[in-house]
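First up is the structure itself, then whatever we jot down about it.
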Amino acid sequence: MASIRVALGERSYSIEVGAGLIDDPAVYAPHLAGHRAALVTNTVIGPIYGDRVASALRKAGVEVIEVVLPDGEEHKTWPTLNLVFNALLAAHCDRQTTIVALGGGVVGDVAGFAAAVYQRGVPFIQVPTSLLAQVDSSVGGKTAINHPLGKNMVGAFHQPQVVIADVITLETLPMRELRAGLAEVIKHGIIRDPVFFAWIEAHIDRLLARDVDALTHAVVRSCQIKAEVVAADERESGLRAILNFGHTFGHAIESGLGYGQWVHGEAVAAGMVMAADLSARAGMLPKAESERIRSLIARAGLPVAGPASLAPDRYLDLMAVDKKAARGNIRFILLDKPGSAVLRGDLPEAMVRQTLAACSAA
């Protein structure tokens with residue numbers, strides 16, 4: 001088992017990465033605040049891993065209340081959030097109840113947001129079962145639900161007690177979701193570690209084949225990178241924005257098509273191609289490096305172009321309500337060299353439109 005520390009003072013916690021962790025009561029026990037735990041999962045993950053995690057929690061000494069949510073990004077909404085609150089209130093859960101999020105990014109975001117606001121905050125544990133959640137959304141304390149006008153627009157920062165990333169859960173992950181998770185793995189190499197990016201290029205076939213050693217290395221290095229960035233900028237006032245490379249375009253795709261049409265990693269993949277293209281057009285990144293990024297994303301089986309149905313004007317409208325926008329200006333995370341990302345809000349609209357035209361499906 002590898003343990004990565006997210007250093008945030010009194011809110012510090014560890015990310016535990018390994019095989020077989022979800023069945024081990026000793027992994028949960030130090031992080032359970034009281035004598036009750038609310039296990040929040042969904043209709044897909046619950047039948048596969050719900051009983052195993054509930055059993056481990058009971059062996060760790062807590063009573064378990066189970067909450068099952070509908071599956072899918074389209075359910076990352078107020079009504080779904082209320083399902084968690086309804087269950088907690090019906091069971092008379094107090095502030096010492098630990099919420100345990102078992103599932104992918106949607107479950108983690110909804111359960112984490114519920115933990116942030118139920119009785120003004122209760123502890124929670126992340127047990128991510130998708131690659132995307134293990135390397136990205138479960139780490140860093142961002143919790144949210146979507147709004148029809150923008151993704152993740154209603155939420156809170158609320159750090160978990162621990163993140164338990166069991167790579168064995170990736171064996172049951174649909175291939176589409178595995179590829180989507182690889183988008184975030186690739187992102188970490190692009191923005192922070194050229195050596196890791198080159199490693200991904202050399203091992204992409206092993207990752208797609210679910211080689212346990214390769215996946216473990218990808219999860220551990222991705223979590224190390226994210227932990228470093230989050231520790232330096234917990235509330236996304238500066239450096240942490242680089243973790244959103246590709247997301248300004250990607251969130252526009254998700255919102256514009258309707259949540260759930262493209263999964264998050266697919267939209268981010270196309271968004272990273274756009275961001276790399278825009279970096280090259282702005283004279284910040286060699287064109288060869290932009291093409292290198294596009295090539296790896298294509299090899300991962302991910303989209304390298306945005307949907308033809310989304311017009312440039314619609315992109316611009318949606319990106320204007322992105323959380324990185326400031327004073328009406330759309331701001332992008334761009335690359336000034338391999339492994340180095342910066343926030344730019346001074347690019348002419350005409351240049352952005354050129355990227356949108358070049359990186360949209362015919």
Practice problem: Considering every residue within the stretch 97-114, establish whether at least one is surrounded by fewer than 18 Cβ atoms within 10 Å (Cβ to Cβ), of a type outside the set (D, E, K, R) and under 27 Å from ALA26 (Cβ atoms). | Solution: no
Exercise. Only one of these is at pLDDT 95 or above and part of a loop (DSSP other than H, G, I, E, B): ARG221, ARG210. Name it.
Key: ARG210
Exercise. Please name all residue pairs, on different chains or six or more residues apart, with Cβ atoms under 7 Å, provided the first residue is in the stretch 308-321 and is within 13 Å of LYS151 (Cα to Cα) and the second residue is of a type in the set (A, V, I, L, M) and part of a helix (DSSP H, G or I).
Key: LEU318/ALA252; MET319/ALA252
Quiz item: Applying the selection to the stretch 295-314, what residues are assigned to a loop (DSSP other than H, G, I, E, B) and under 15 Å from ASP205 (Cβ atoms)?
Solution: ALA300, GLY301, LEU302
Quiz item: Among all residue pairs at least 6 apart or on different chains, which show Cβ distances below 8 Å where the first residue, located in the stretch 189-207, is farther than 21 Å from LEU173 by Cβ and surrounded by fewer than 14 Cβ atoms within 10 Å (Cβ to Cβ) and the second is modelled with pLDDT of 95 or more and among the β-branched types (Val, Ile, Thr)?
Solution: none
Quiz item: Within the stretch 67-80, which residues are buried (at least 19 other Cβ atoms within 10 Å of the Cβ) and part of a helix (DSSP H, G or I)?
Solution: GLU73, HIS75, THR80
Quiz item: Looking at (1) among the aliphatic types (A, V, I, L, M); (2) closer than 17 Å to GLY189 by Cα; (3) crowded, with 19+ Cβ neighbours inside 10 Å, can you tell me which one VAL342 breaks?
Solution: (3)
Quiz item: (1) surrounded by fewer than 21 Cβ atoms within 10 Å (Cβ to Cβ); (2) at negative phi; (3) outside the structural domain of VAL44 (by TED's automatic domain parsing): which one isn't true of GLU236, the others all being true?
Solution: (2)
Self-check item: Close pairs (9 angstrom Cβ cut-off, 6 or more residues apart or separate chains): farther than 15 Å from ALA38 by Cβ in the stretch 65-85, crowded, with 20+ Cβ neighbours inside 10 Å and of a type in the set (Gly, Ala, Ser) anywhere
Solution: ASP71/GLY103; ASP71/GLY104; GLU73/GLY105; LYS76/GLY105; LYS76/ALA144
Practice problem: Please indicate, with yes or no, whether at least one residue in the stretch 140-163 is free of Cβ contacts under 8 Å to residues at least 60 places away in the same chain and in a helix (DSSP H, G or I). | Solution: no
Quiz item: If you go through the stretch 274-294 one residue at a time, do you hit one that is of a type in the set (Gly, Ala, Ser), under 28 Å from GLY105 (Cβ atoms) and part of a loop (DSSP other than H, G, I, E, B)?
Solution: no
Self-check item: Extreme residue, surrounded by the fewest Cβ atoms within 10 Å (Cβ to Cβ), among residues of the stretch 254-269 that are in a helix (DSSP H, G or I) and without any contact (Cβ under 8 Å) to a residue 60 or more places away in the chain
Solution: LEU257
Quiz item: Residue check, VAL64 against (1) more than 24 Å from the chain's Cα centre (by Cα); (2) surrounded by 14 or more Cβ atoms within 10 Å (Cβ to Cβ); (3) on the phi > 0 side of the Ramachandran plot, all met but one. Which one?
Solution: (3)
Quiz item: Only one of (1) more than 20 Å from ALA2 (Cα to Cα); (2) touching a residue at least 40 places away in the same chain (Cβ under 8 Å); (3) not assigned by TED's automatic domain parsing to the domain that holds ARG299 is not met by ALA183, so which one is it?
Solution: (3)
Quiz prompt | Single condition ALA56 does not satisfy, out of (1) farther than 14 Å from ILE125 by Cβ; (2) over 25 Å from the mean Cα position of the chain (by Cα) | solution = (1)
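The values are calculated or read from the model by the stated rules, or taken from the named source; none is laboratory data. A quick note: this is a predicted structure, and the numbers were derived from the prediction, not measured. Using ideal geometry, Cβ is built from the backbone for each residue, glycine included, and neighbour counts are taken over all protein chains shown.
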